[in-house]
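J.: The structure is given below, and queries will be raised subsequently.
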Amino acid sequence: MNLSDIKKSKFWMSIGGVMVAVIALYLFFGNPFRLENIKKTETIENILARLERYERKGVKLRNAKWIKAEEDKLVTTKEARREYEVFYKERDRHIEKVFTSVNGEEIKDEALWQNMYIQEANTLLDKIKNHNIALSENTLPFKEWKTAIPTWEDIVPEQKRFWITEELINIILKKEMSVRYLESINFGKEKAPHVNAHAELFDIIPFSIKARMNVEGLLFLINEFLKSKICFEIETINVSGELNRLRSPKGAEKPYQSVHINNIQSPSMVDVVIEAYVMDFKI
């Protein structure tokens, strides 16, 4: 072996030594990192597999951002609920009150309450008559106990019906309504719980009102219902008379005939029947 061959052998031996050193360094330093990465990859894959299983089961995953957004929505909802409660408590207050005596105290004696009820009922009847509105027999739904004294079990619902009746009469007496004849105000039976989808929030006091009025006052009547201090909810409005004739095809029915009631005659008069109810809140 000559000198040139020896030098070449040393070169390749050096290269081999470097390679061995590199491999050793890789095994010493790089392999643990590789193993760590493999473990992390396996961990991520396991997590993803679990998430996929949750998703298949319909489980909704929540992160901190989602939780914060839901908490904010809950706060907003609670604030809105408080505002609604204040609003409805104020409106409900008008049917929860009881007749008061001369000194402003609530009447707690049943017989005294009955006397006040009769007085107030007669006052409402006089108000209607003073406005020249014709009435039918038993127009208003006032209770008659005759010689019996009502119990508070009877008084509480009757007191609420009185306030509702008073509010309806106050609406009817407004000149914009142009009501000329009041046929009846009647209270129906309270609806069954399954009919009232919000029975846990309020009870329903259904009623109907039948009247003859100028057709132009109909929109005023509806508006007064909607802005009343009592929570009225209109279910149906049936109108017959001149309004129906105007809406019907020509010749579909006989010409409108003016109706006489206590010398009341006008071709613009319509008969209106409103089915509605009052929300009696439990708040």
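Values quoted throughout were computed directly from the atomic coordinates according to the rules given, and no laboratory measurement underlies them. Remember, predicted model here, so these are calculated numbers, not experimental data. Heads up, the Cβs are rebuilt from the backbone with ideal geometry, glycines too, and the neighbour counts pull from every protein chain shown.
J.: With r as the distance between the Cβ atoms of Glu235 and Asp126 and R0 = 30 Å, compute the FRET efficiency 1/(1 + (r/R0)^6) and round to 0.05.
T.: Values: r = 31 Å, r/R0 = 1.03.
Between Asp126 and Glu235 the formula returns 0.45.
J.: With a 10 Å radius around each residue's Cβ, average the other Cβ atoms per peptide and rank 139-151, 100-112, 210-222, highest first. Mind showing how you got there, number by number?
T.: On the way: 139-151: 12.5, 100-112: 10.4, 210-222: 18.4.
For the peptides 139-151, 100-112, 210-222, the packing ranking is 210-222, 139-151, 100-112.
J.: Next question, about the same structure. Taking the Cα centroid of region 153-180 and of region 114-136, what is the distance between the two, rounded to the nearest whole Å?
T.: Taking the Cα centre of each part, region 153-180 and region 114-136 sit 11 Å apart.
J.: Go through Lys127/Lys189; Lys73/Lys189; Lys57/Lys78; Lys146/Lys189; Lys127/Lys210; Lys78/Lys108 and tell me which ones have a Cα-Cα distance over 29 Å in this structure.
T.: Over 29 Å Cα-Cα: Lys73/Lys189; Lys57/Lys78; Lys78/Lys108.
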